[in-house]
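Peer 1: Here it is, the structure, as structure tokens.
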Amino acid sequence: PHRHSLPPGLRQNERVTERTNPAIIIVSHDNAAFLVDEFGRYSRDYDIRPATSARIASDISTEIEATGGHVAMYVADSSLFPSDAPHDQANVLAAFHTWRQVVPTAKRLVVAPWETFLQDAERLRAGLGKGKYDAYLLMPRGVRDEEFHTAVCELLSDWGSTVAQPEVATVKLVAPGQDALTLAIRDFLDRMGMPHRVYAPDSDVGREIVGRYDGEPGWPLVDSPYTEVMAPATVREVAAAIYGRPDTIDLATVVDLCIVGAGPAGLAAAVYGASEGLTTVVVEAEAVGGQAGTSSMIRNYLGFPRGISGMRLAQRARNQ
């Protein structure tokens, strides 16, 4: 069968050979074939795995984890049982709880058919508020439902930024272990939404970076497009190398607007000031995004009905 077609019987114990792409597991009794076809556009970069029950989805998850693979997303029908069968109304949330014990990092999406969208939303809304799953969407009713796929892509983007090893690293760190400073720098880079990887000093990449460092190397070494290879003593040195320091501003220049603090309010003020033609500078002591940038999910920010991570919000505001 086609890679993204629904195999007959969905044999749950069928072993899979070496897997390179992360999986999207689609779970539905009545709509699995339709959803697999709808997710066909992702089949180049993700392994689309259908399941007709929560138990089969658990077996697939365990198999993928056991073979060193990754599950990027669960897509669950708002009712996992046949439409004409009596069932526990909380079955979707119970299934997510089970899957999360196997794969705690996967994104969790609930999709509902048009016929039950409103009534299912009522019973599942509390679970969304408690973080049991990430988004509740209406199942596509026609072709090119880009609103639906925008939500899917945003969730996959968040997963790729926070879980998966980056395909291309903007910043490379070289360290023999995960010491406190290395972890603090990684936390800063995570908040900034900057893809990064850590390499051992005796790896090919590590040796190449050590060779470009001028002097006796200390750990960690940091290699970025913004500066020469450096051995910082603090996170602040990394931030200053990437974004500059206040004392690098030309003192002969008069700035119309100086904003202290790059949280959401400061970033918004900077956008509004610059849009009015004011020369604007923002001064921040830590990371762009402020305290909000540390939040894994913000659900009450205007304009983001499905919520947005603090890192994403800060990244978008910085780009703007």
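The values are calculated or read from the model by the stated rules, or taken from the named source; none is laboratory data. Only a predicted model underlies this, so the values are computations on that prediction, with no experimental measurement involved. Quick reminder, even Gly has a Cβ in these numbers, built from the backbone with ideal geometry, and neighbours come from all protein chains shown. Remember, those area values only see protein heavy atoms, side chains included, never the ligands or the DNA or RNA. Shrake-Rupley method; radii C 1.70, N 1.55, O 1.52, S 1.80 Å.
Peer 1: Cβ-Cβ below 9 Å, separation at least six or inter-chain, first residue in the stretch 23-51 and touching a residue at least 12 places away in the same chain (Cβ under 8 Å) and of a type in the set (K, R), second part of a strand (DSSP E or B) and crowded, with 19+ Cβ neighbours inside 10 Å: which pairs?
Peer 2: The qualifying pairs are R49/A23; R49/I24; R49/I25; R49/I26; R49/V71.
Peer 1: So which pairs qualify, if the first residue must be in the stretch 300-320 and farther than 15 Å from G160 by Cα and in a loop (DSSP other than H, G, I, E, B), the second must be modelled with pLDDT of 85 or more and among the aliphatic types (A, V, I, L, M), the Cβ gap must be under 7 Å, and the two must be at least 6 apart or on different chains?
Peer 2: Y301/I308; Y301/L313; R306/A135; R306/A151; G307/I298; Q320/V271
Peer 1: For the stretch 251-262, state whether one or more residues are of a type outside the set (A, V, I, L, M), more than 28 Å from A184 (Cβ to Cβ), in a loop (DSSP other than H, G, I, E, B) and open to solvent by less than 80 Å² (accessible area, probe 1.4 Å).
Peer 2: Yes, some residue in the stretch 251-262 is of a type outside the set (A, V, I, L, M), more than 28 Å from A184 (Cβ to Cβ), in a loop (DSSP other than H, G, I, E, B) and open to solvent by less than 80 Å² (accessible area, probe 1.4 Å).
Peer 1: Scan the stretch 226-235 and give yes if some residue there is modelled with pLDDT of 90 or more and under 25 Å from the mean Cα position of the chain (by Cα), otherwise no.
Peer 2: For the stretch 226-235, residues modelled with pLDDT of 90 or more and under 25 Å from the mean Cα position of the chain (by Cα): present.
Peer 1: So W159 passes all but one of these: (1) more than 20 Å from the chain's Cα centre (by Cα); (2) under 25 Å from T20 (Cβ atoms). Which condition number does it fail?
Peer 2: (1)
Peer 1: So, one more: Restricting to the stretch 35-51, count the residues that are within 18 Å of M139 (Cβ to Cβ) and open to solvent by 40 Å² or more (accessible area, probe 1.4 Å).
Peer 2: 2
Peer 1: Would you confirm, using the coordinates I've provided, whether T162 is under 30 Å from V111 (Cβ atoms), in contact with a helix residue (DSSP H, G or I) (Cβ under 8 Å, 6 or more places away or on another chain) and of a type in the set (V, I, T)?
Peer 2: So T162 passes the test.
Peer 1: Going by the structure shown, is A126 among the small types (G, A, S), free of Cβ contacts under 8 Å to residues at least 12 places away in the same chain and open to solvent by 20 Å² or more (accessible area, probe 1.4 Å)?
Peer 2: The answer is yes for A126.
Peer 1: Within the set of pairs 6+ apart or on separate chains, which have a first residue in the stretch 264-283 that is at positive phi and assigned to a helix (DSSP H, G or I), a second that is hydroxyl-bearing (S, T, Y) and open to solvent by less than 50 Å² (accessible area, probe 1.4 Å), and C-beta atoms under 8 Å apart?
Peer 2: The qualifying pairs do not exist here.
Peer 1: Another question about this same structure. In the stretch 286-303, which residues are surrounded by fewer than 15 Cβ atoms within 10 Å (Cβ to Cβ) and touching a strand residue (DSSP E or B) at 6+ places or on another chain (Cβ under 9 Å)?
Peer 2: Hits for the stretch 286-303 are M297, R299, Y301.
Peer 1: Among the strands (runs of 3 or more DSSP E) confined wholly to the stretch 141-245, which include 2 or more residues that are free of Cβ contacts under 8 Å to residues at least 24 places away in the same chain?
Peer 2: Numbers: elements: 171-174, 196-199, 221-224, 227-230.
Because the criterion is at least 2 residues that are free of Cβ contacts under 8 Å to residues at least 24 places away in the same chain, the strands (runs of 3 or more DSSP E) in the stretch 141-245 that meet it are 227-230.
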